[in-house]
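Trainee: The structure's right below; bear with me while I get my questions together.
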Amino acid sequence: SSAALADLPTLEKKDRYKVGFAQTESNNPWRIAETKSFKDTAKSCNWDLVYTDAAGSAAKQVSDVDSMIAQGVDVIFLPPREERPLLPAVLRAKAQGVPVFLVDRSVDEKVAKAGRDYVTFLGSNFIEQGQIAAQWLIEKTGGKGLILELEGTTGSSPANDRRKGFDDEVAKHPGMKILASQSGDFARDKGRKVTETLLQTYPNANVIYAHNDEMAIGAIQALEAAGKVPGKDVLIVSVDGTRDALQAIIDGKMGVTVESSPFFGPLACKTMKRYANGEKIEPWVRVKDRVFTIDNAAKYIDDAY
Ligand code: GYE
């Protein structure tokens with residue numbers, strides 16, 4: 001279509017902007033911390049924030065974006081819940097002259113491009129997060145393990161890439177085997193239920209890799225209910241860096257959580273100003289993440305969310 005070929009909309013330089021932030025859901029401390037970061041930034045960066053919560057529905061998120069366009073926002077910050085369903089909304093925003101900045105999750109790079117369809121992606125390297133989790137495990141076990149994998153939301157970029165990064169590393173070690181890999185939708189209770197079921201089929205599992213901390217905490221609950229000792233009978237590796245995960249590390253129940261920062265507000269403000277100044281924005285504004293283990297969890301827990 002002609003919209004796909006046209007240049008990206010530019011952003012006028014102004015003192016105050018009307019900024020849309022279309023959150024995916026709020027059932028997770030990570031999401032709540034991200035929303036707070038955007039709300040705090042609205043004050044410090046002079047935004048009138050238009051905030052929506054898609055409550056876990058990509059279809060609702062599409063209509064949330066459409067209503068932001070109708071309300072005449074200057075820009076939209078969007079974490080696409082899944083890689084594909086949000087694409088039409090991204091293209092409609094562009095066609096209506098609203099620049100879109102993807103934040104925290106991306107869209108399918110085979111069908112959409114930064115600098116053409118949306119301005120940029122602000123976020124972590126999810127493949128690397130999965131690799132780091134795997135490398136910690138390999139070092140800890142000498143390359144042995146019978147693994148259950150709890151995947152994030154099906155079709156989301158962090159689930160796809162955290163799986164790829166981890167699975168490819170593990171595949172290099174003949175002593176490691178992924179017994180099963182199933183979605184827990186990035187949610188604590190689903191993580192608990194999926195683990196409960198998987199443990200019945202694979203009682204010999206001795207590693208759980210969860211794509212986020214909420215599912216890892218759910219897995220710990222399922223293990224304890226099954227009479228197993230998390231951290232001893234079953235090693236847990238995960239991603240995010242929530243307060244509960246850091247506490248689980250301190251308590252010896254979790255081995256590692258690779259950080260995935262939710263604090264995007266200040267970066268969003270800065271990147272938007274660069275764009276308004278006419279700067280060419282790189283296709284991926286990368287967030288640097290740390291790694292939390294027993295060596296530093298106590299030091300960071302007071303700042304955790
Ligand atoms: O890890 C998870 C959340 O998209 C990076 O989504 C984000 C992920 C984060 O639900 O906890």
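Trainee: Just to check your reading of the model, which residue among 97, 72 is surrounded by fewer than 20 Cβ atoms within 10 Å (Cβ to Cβ), more than 13 Å from the ligand (Cβ to nearest atom) and free of Cβ contacts under 8 Å to residues at least 60 places away in the same chain?
Mentor: Numbers: 97 fails: free of Cβ contacts under 8 Å to residues at least 60 places away in the same chain.
After applying the criteria, what remains is 72.
Trainee: Which residues, taken from region 41-65, are touching a helix residue (DSSP H, G or I) at 6+ places or on another chain (Cβ under 6 Å) and either away from the ligand (no atom under 14 Å from the Cβ) or modelled with pLDDT under 95 (or both)? Reasoning before the result, please.
Mentor: First, pick out the residues of region 41-65 that are touching a helix residue (DSSP H, G or I) at 6+ places or on another chain (Cβ under 6 Å): 41, 45, 49-50, 52, 54, 62, 65.
41, 45, 49, 50, 52, 62, 65 - these are the residues of region 41-65 that are touching a helix residue (DSSP H, G or I) at 6+ places or on another chain (Cβ under 6 Å) and either away from the ligand (no atom under 14 Å from the Cβ) or modelled with pLDDT under 95 (or both).
Trainee: Considering each residue of region 100-111, count those that are surrounded by fewer than 23 Cβ atoms within 10 Å (Cβ to Cβ) and over 16 Å from the mean Cα position of the chain (by Cα), and give that number. Even if it seems obvious, please write down each step before you answer.
Mentor: The initial filter retains those residues of region 100-111 that are surrounded by fewer than 23 Cβ atoms within 10 Å (Cβ to Cβ), namely 108-111.
Filter once more, so that each one left must be over 16 Å from the mean Cα position of the chain (by Cα): 109-111.
Residues in region 100-111 being surrounded by fewer than 23 Cβ atoms within 10 Å (Cβ to Cβ) and over 16 Å from the mean Cα position of the chain (by Cα): 3 in total.
Trainee: So, in region 272-292, of the ones that are more than 16 Å from the ligand (Cβ to nearest atom) and acidic (Asp, Glu), which residue ends up farthest from residue 30 (Cα to Cα)?
Mentor: If we filter region 272-292 for residues that are more than 16 Å from the ligand (Cβ to nearest atom), which is where we start, we get 272-283.
From what's left, acidic (Asp, Glu): 279, 282.
Details: 279: 30, 282: 26 Å.
Applying the filter and picking the extreme gives 279.
Trainee: Anything in region 40-57 that is within 16 Å of the chain's Cα centre (by Cα) and surrounded by 20 or more Cβ atoms within 10 Å (Cβ to Cβ)? List them, or say none.
Mentor: Of everything in region 40-57, just one residue is within 16 Å of the chain's Cα centre (by Cα) and surrounded by 20 or more Cβ atoms within 10 Å (Cβ to Cβ), namely 54.
Trainee: Please go through region 209-259 and give me each residue that is in contact (Cβ under 8 Å) with a residue 40 or more places away in the chain, β-branched (Val, Ile, Thr) and in contact with an Asp or Glu (Cβ under 8 Å, 6 or more places away or on another chain), ordered by number.
Mentor: Once the filter is applied, which keeps residues that are in contact (Cβ under 8 Å) with a residue 40 or more places away in the chain, β-branched (Val, Ile, Thr) and in contact with an Asp or Glu (Cβ under 8 Å, 6 or more places away or on another chain), region 209-259 yields 239, 242, 257, 258.
Trainee: OK, next. Do we find that residue 103 is under 22 Å from residue 162 (Cβ atoms) and either among the hydroxyl-bearing types (Ser, Thr, Tyr) or touching a strand residue (DSSP E or B) at 6+ places or on another chain (Cβ under 7 Å) (or both) in this structure?
Mentor: On the way: under 22 Å from residue 162 (Cβ atoms): yes; either among the hydroxyl-bearing types (Ser, Thr, Tyr) or touching a strand residue (DSSP E or B) at 6+ places or on another chain (Cβ under 7 Å) (or both): yes.
Yes, satisfied.
Trainee: Also, I was wondering about something else. Which ones in region 221-271 are among the charged types (D, E, K, R) and within 16 Å of the ligand (Cβ to nearest atom)? Full working, then the answer.
Mentor: Initially, region 221-271 is screened for residues among the charged types (D, E, K, R), giving 224, 228, 232-233, 240, 243-244, 251, 253, 259, 270.
The answer is 240, 243, 244, 259.
The values are calculated or read from the model by the stated rules, or taken from the named source; none is laboratory data. Note that the coordinates shown come from a computational prediction; the quantities given were computed from them, not determined experimentally. Positions of Cβ are generated from backbone atoms using ideal geometry, with glycine treated the same way; all protein chains shown enter the neighbour counts.
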